[in-house]
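The values are calculated or read from the model by the stated rules, or taken from the named source; none is laboratory data. All values reported here derive from a predicted model rather than from experimental measurement. Cβ: placed from backbone, ideal geometry, glycine included. Neighbour counts: every protein chain shown. Areas reflect the complete protein model, heavy atoms only, side chains present, ligands, DNA and RNA absent. Shrake-Rupley method; radii C 1.70, N 1.55, O 1.52, S 1.80 Å.
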Amino acid sequence: MVPDSAKVWIVWLDEQAKIASFHHVEGYRRQDFLNQAYFHNYMMSLQERGFRFQ
């Protein structure tokens, strides 16, 4: 099992279309997180701002 300290949580963003993707999409901006709590909080903030997830 990989310890959390070695993991990276990643989301790809299209801020104009307000889409967040959990897999690579050409032209989307990659955002990395080294902490799962920060990643989850960021996902919640995207949802509050009207982002759709794929």
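Residues whose amide H lies under 5 Å from that of Asn35, counting only those 5 or more places away or on a different chain, are Trp9; hydrogens are built 1.01 Å from N in the peptide plane.
Taking only protein heavy atoms and a 1.4 Å probe, what accessible area per residue, in Å², does the chain have with all protein chains in place?
On the way: 4060 Å² over 54 residues.
With all protein chains present, the chain gives 75 Å² per residue.
Could you give me the ³J(HN,Hα) list for region 42-49, computed from phi with Karplus coefficients 6.51, -1.76, 1.60 and θ = phi - 60°, whole Hz, x at Gly and Pro? Per-residue couplings from phi come out as 5, 4, 5, 5, 5, 4, 5, 8 Hz.
If you take every DSSP beta bridge fully contained in the chain, what fraction is antiparallel? Give it as a percent rounded to 5.
Of all bridge pairs located within the chain, approximately 80 percent are antiparallel.
Taking every DSSP helix (H) stretch of at least 4 residues in the chain, weighting each as -39,500 (n - 2.57) and dividing the sum by the residue count yields a mean residue ellipticity at 222 nm of -7500 deg cm²/dmol. For the chain, the share of accessible area belonging to carbon and sulfur comes to 53 percent (1.4 Å probe, ligands and nucleic acids excluded).
Let me make sure I get this right: for the chain, a, b and c are the square roots of the gyration tensor eigenvalues over alpha carbons, sorted descending. Under 1.5 in a/c it's rounded, otherwise prolate if a/b > b/c, else oblate. Which is it? Oblate, since a/c reaches 1.5 and b/c is not below a/b.
The residues neighbouring Glu15, those whose beta-carbon lies less than 10 Å from its own, together hold a net charge of +2 under the Lys/Arg +1, Asp/Glu -1 convention.
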